[in-house]
Amino acid sequence: MMMVDKFNIMIGVIIFFIGLLISIAFLTLLERKVLGYIQDRKGPNKLGFMGNLQPFSDGIKLFTKEQIYLNYSNYLYYYLSPVISFFLSLMIWMLIPYYFNFISFNLGVLYLLCFLSVGVYTLLLAGWSSNSNYSMLGGLRAVAQTISYEVSLSLILISSLIMIMDFNLMSLMLLQQNLWFIFLMFPLSMIMFSSMLAETNRTPFDFAEGESELVSGFNIEYSGGGFALIFLAEYSSILFMSLLFNLLYMGGYSLNYMFYMKLSLISFLFIWVRGTLPRYRYDKLMYLCWKIYLPVSLNLVMFFLGMKMFIL
């Protein structure tokens, strides 16, 4: 590869990350607006035109706030865990099957599973290094929840991989030109959506940040820049999971207007669920994963494998 090509890829990656950060900023604005209207109020509407500049104001406020130094924290891990969490949430976006100028490789799904697994450690480190009982409990809850739902998430991914017989996500677009997988795998896609909610610690599975009993959970001791990075990592994961759902079940990757509309729709559903459903009970969450989702996803893997063998 020539030096010019490497330079072009670097510039492309930087532009992409800037675009991603702006989209995360406006996702937070969308969430506050939608939740506002669900609760019969306006949401942010003062700064800029109808509150459009509110995310940038929040970002400036958070990154210029004083960083608190905890006397009894594990200093290095306490400061590094939000940075690593944000870095991992950005790196996972390299998986997208771009047409040009970016990294596209045949083992994309394995890369995805590796980064989802490593992301758990940052939650555990953030909870443990703060040296607070509330944050430790939040961290333990988050780890148990994320590890549990990763199992069913992996099995659901395997069902889609059986259909395309490839680890490259670009193949999903080729097989969904005539029929979207959401019609073929409707129960599985609904399980996938609720597993994505649990994986990203979102309502109704937001036990890691259970404000009513844990006072904000694993991130209780974070303020300013550290809190902002945790916040950005969470919303980056929401956007990525929406994109993954789009790739797997709603037509694959295509650079057109409809693709972005579908991505926005799934992101909106994340927010809608938050405004509608109450928090689940923790034992019911674990029961749902190990007693319902795991057997169902295993049976569906065997079903799709049999269907694929029959077609071949």
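The values are calculated or read from the model by the stated rules, or taken from the named source; none is laboratory data. None of these values were measured; they are calculated from a predicted model. Backbone-built Cβ (ideal geometry, glycine too); neighbour counts: all protein chains shown.
Tabulated data for the structure shown
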read-out	value
Qualifying residue in the range 60-81 (condition: in a helix (DSSP H, G or I), touching a helix residue (DSSP H, G or I) at 6+ places or on another chain (Cβ under 6 Å) and of a type in the set (S, T, N, Q))	yes
Qualifying residue in the range 105-126 (condition: assigned to a loop (DSSP other than H, G, I, E, B), closer than 25 Å to I271 by Cα and touching a helix residue (DSSP H, G or I) at 6+ places or on another chain (Cβ under 9 Å))	no
Some residue of the range 182-190 being modelled with pLDDT of 90 or more, surrounded by fewer than 19 Cβ atoms within 10 Å (Cβ to Cβ) and either in contact with a Lys or Arg (Cβ under 6 Å, 6 or more places away or on another chain) or over 22 Å from M309 (Cα atoms) (or both)	yes
Residue list for the range 274-312, restricted to those being in contact (Cβ under 8 Å) with a residue 40 or more places away in the chain, hydroxyl-bearing (S, T, Y) and farther than 16 Å from L157 by Cα	T276, Y280, Y282
Residue list for the range 127-167, restricted to those being out of contact with any helix residue (DSSP H, G or I) (no Cβ under 6 Å at 6 or more places or on another chain), within 27 Å of P187 (Cβ to Cβ) and assigned to a loop (DSSP other than H, G, I, E, B)	M165, D166
Within the range 36-75, tally of residues that are in contact (Cβ under 8 Å) with a residue 60 or more places away in the chain, surrounded by 14 or more Cβ atoms within 10 Å (Cβ to Cβ) and over 29 Å from M136 (Cα atoms)	1
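Listed here are the residues, each with its yes/no results for (1) surrounded by 23 or more Cβ atoms within 10 Å (Cβ to Cβ); (2) closer than 21 Å to Y77 by Cα; (3) hydrophobic (A, V, I, L, M, F, W, C).
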| residue | (1), (2), (3) |
| --- | --- |
| V118 | no, yes, yes |
| L123 | yes, yes, yes |
| G127 | yes, yes, no |
| Y134 | no, yes, no |
| G138 | yes, yes, no |
| Y149 | yes, no, no |
